[in-house]
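Asker: This is the structure, below, for whatever I ask next.
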Amino acid sequence: MLALIGNVAEKTVTKFLGENKPPRRKSGWNQFAAFSLESLKYPVPPKGASKGWEERNIEIGKAWKLLDVDERAVFSARIFQHFSGIPCDFEDEAEDDEEESDLTTDEIELYKPLYDKLVNIEKVNIVAAKGSECQGENTSQTYKKALSATLKLNSELYTISNVYNTTYYLLTATRSPGKNSFCKEYSNDAAWLALAKKKWSAKETFEAYSHAREIQGDLEKIVGGSAGQKQQKDSDLVKIKLRQALNDLLTDALGGDVEAVFPKTENPAGSLAVSHPELKLVQLAHSKLSQESLKKGFEKILTGDRRRWLADIKSGHFKIEHTETEEE
């Protein structure tokens with residue numbers, strides 16, 4: 001009855017009421033083939049080429065079978081999305097509550113070292129920064145998927161508001177104009193929609209802002225430079241430089257044949273001892289980075305500590321050596 005009155009899809013209602021059957025779980029193979037360090041050994045065939053794909057998939061498949069249960073789990077949608085920030089399976093049916101839930105502290109401690117060991121983090125960062133276009137989708141295709149996901153979200157919100165007697169207001173827009181771009185405004189309260197339009201022109205104003213028109217220019221005049229980016233630019237740059245410097249250190253220590261990924265976990269010295277027992281981290285006496293900050297790891301320290309760590313690498317006060325190398 002609710003589906004008929006509210007024009008809500010039956011799947012949405014049955015899912016909300018817990019009456020739908022759980023969908024088949026995905027293995028994580030696609031994430032492994034696209035983002036694993038192992039996949040770097042087997043280059044993607046040239047664009048338009050029909051040969052080479054089967055051979056590549058066979059070799060990557062062999063590598064996939066060698067992974068244990070925990071290692072495979074790293075590439076599942078739930079865990080991979082948590083660490084990478086790359087949305088997984090938004091275009092598919094949503095998975096059950098367990099699949100959508102956040103990782104527990106124990107799960108993070110288990111899977112983060114494995115993620116750092118197995119995943120091509122540099123590629124993940126590029127894809128996460130540039131979005132779906134890095135995966136072969138143009139902006140128009142991405143916007144169509146975004147609209148489809150938004151419509152599903154609106155249906156679920158409508159269902160929830162009816163069941164729990166709440167009011168919702170949803171305003172979403174693509175970040176630039178163009179084919180299939182959109183700005184959508186939804187609510188289960190018609191009076192609120194009228195008020196938002198009359199008093200604030202909310203939809204029109206938000207669309208102009210999101211599509212980088214007149215309001216974006218006004219914001220840049222107010223804050224100076226590109227709106228919302230000035231405060232992040234320097235810290236992001238430091239983070240990018242330090243990440244690359246640490247990866248370069250480890251790559252050089254391993255001989256430089258394949259680009260390595262330095263562990264970005266807490267206690268990187270311990271993580272390195274597990275993944276590469278032949279290597280050790282060395283901090284000289286005048287290192288600017290404290291031992292406490294080093295133990296926190298790349299992700300948890302502040303920008304100031306990242307600057308000090310980067311300075312130590314440049315000055316040679318932080319390095320990676322083979323365990324048999326004796327300090328002078």
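Asker: Go through the stretch 277-306 and report how many residues are touching a residue at least 24 places away in the same chain (Cβ under 8 Å), at negative phi and not hydrophobic (A, V, I, L, M, F, W, C).
Answerer: Within the stretch 277-306, residues that are touching a residue at least 24 places away in the same chain (Cβ under 8 Å), at negative phi and not hydrophobic (A, V, I, L, M, F, W, C) number 13.
Asker: Does LYS117 satisfy being modelled with pLDDT of 85 or more, touching a Pro at 6+ places or on another chain (Cβ under 8 Å) and among the basic types (Lys, Arg)?
Answerer: yes
Asker: Here's another thing I want to ask about it. Where residues in the stretch 97-114 are among the polar types (S, T, N, Q) and modelled with pLDDT of 85 or more, which of them is surrounded by the fewest Cβ atoms within 10 Å (Cβ to Cβ)?
Answerer: The extreme case among them is THR105.
Asker: Mind listing whichever residues of the stretch 166-180 are closer than 14 Å to LYS145 by Cβ and more than 23 Å from the chain's Cα centre (by Cα)?
Answerer: Scanning the stretch 166-180 gives LYS179, ASN180.
Asker: Right, THR139: modelled with pLDDT under 90, farther than 30 Å from VAL274 by Cα and among the β-branched types (Val, Ile, Thr) or not?
Answerer: Answer is yes for this residue.
Asker: Also, I was wondering about something else. Looking only at the stretch 150-187, count how many residues are assigned to a loop (DSSP other than H, G, I, E, B) and hydrophobic (A, V, I, L, M, F, W, C).
Answerer: The total comes to 1.
Asker: I've got another one for you. Which ones in the stretch 188-215 are surrounded by fewer than 16 Cβ atoms within 10 Å (Cβ to Cβ), part of a helix (DSSP H, G or I) and at pLDDT 50 or above?
Answerer: Selection gives ALA190, ALA191, TRP192, ALA194, LEU195, LYS197, LYS198, LYS199, TRP200, GLU204, THR205.
Asker: Grab the helices (runs of 4 or more DSSP H) fully contained in the stretch 9-87, keeping just those with 3 or more residues being loosely packed, with under 14 Cβ neighbours inside 10 Å and at pLDDT below 90.
Answerer: Answer list for the stretch 9-87: 53-66.
The values are calculated or read from the model by the stated rules, or taken from the named source; none is laboratory data. Worth saying up front: this structure is predicted, and the values here are computed from it rather than measured. No Cβ is skipped: glycine too gets one built from the backbone with ideal geometry, and neighbour counts run over all protein chains shown.
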